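Asks: Sending over a structure as structure tokens; questions will come in a sec.
Every number in this text was worked out from the coordinates using simple rules, so none of it is lab data. Worth saying up front: this structure is predicted, and the values here are computed from it rather than measured. Cβ: placed from backbone, ideal geometry, glycine included. Neighbour counts: every protein chain shown.
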Amino acid sequence: MNAGRTRQLTAAPLLLRLDGENDAIENIAEVEAHNEQEKKAAPVQYGIKWNPRQESPEHWLAYAEENGDWSEPHAGKRIALFDVVETRTHDGYEYSLWRVMRVIERTIDKRGQRLLVPEIEIEGWSYTRLTAAEALRQLRAQGFSEEILPCPSTMAEVLNRNGYRLRPVLKAKP
């Protein structure tokens, strides 16, 4: 990803939509560095699908039970929507990332058979520098229905509560 080269093509605001292969902190750091260097240009925003790698679906199900807004679109399928803030460090800077998460628990399969062990699916999308309206638009584009999305004022409160600016961190002395 090279935001500088993209700026040669357009000065318009950019929204990068990246799949789970691109959720490395290096990509996020490059976008943030570009935004810090090009303060007069329209910011580059991003929505990156989270790659859960070695994450435990059971852990996120337990977290969703405590913190999620649950809906049940039909018998045997429950969906939780919630957000988490993750701080990641790269090259001496902390990046505060806001991730919207969805946990799906299925107890009945698509043929109507009850499952002995529930199926748990976890998904997440990291967003930064988004307004509440843009974050809601992105969630709708990902397939979230209106009844499980927060209202714009709640979304704005979450965005304001979770800052996304770079902060220098003291590096450990050898």
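Asks: Toward the positive end of the charge dipole of region 48-126, about the Cα centre and with charges on Cβ (Lys, Arg +1; Asp, Glu -1), which of GLY76, GLY92, TRP50 goes farthest?
Replies: GLY76
Asks: Now, a different point. Would you list HIS90, HIS59 from fewest to most Cβ contacts within 10 Å?
Replies: With the fewest neighbours first, HIS90, HIS59 line up as HIS59, HIS90.
Asks: Note down the net charge around ARG111, summing +1 for each Lys or Arg and -1 for each Asp or Glu among other residues with Cβ under 15 Å from its Cβ.
Replies: +2
Asks: Can you put LEU136, LEU16 in order of Cβ neighbours within 10 angstrom, beginning with the fewest?
Replies: LEU16, LEU136
Asks: Taking the number of other C-beta atoms within 10 Å as the exposure measure, put ARG78, ARG17 in order starting with the fewest.
Replies: Ranked by crowding around the Cβ, least crowded first: ARG17, ARG78.
Asks: How far apart, in nm, are the 7 Å Cα→Cβ label points at ASP109 and ASP69?
Replies: It works out to 3.3 nm between the two label points.
Asks: Mind checking the full-extension length gain between GLU86 and LEU15? Use 0.36 nm per residue of separation minus the Cα-Cα distance, one decimal, nm.
Replies: Length gained, GLU86 through LEU15: 23.5 nm.
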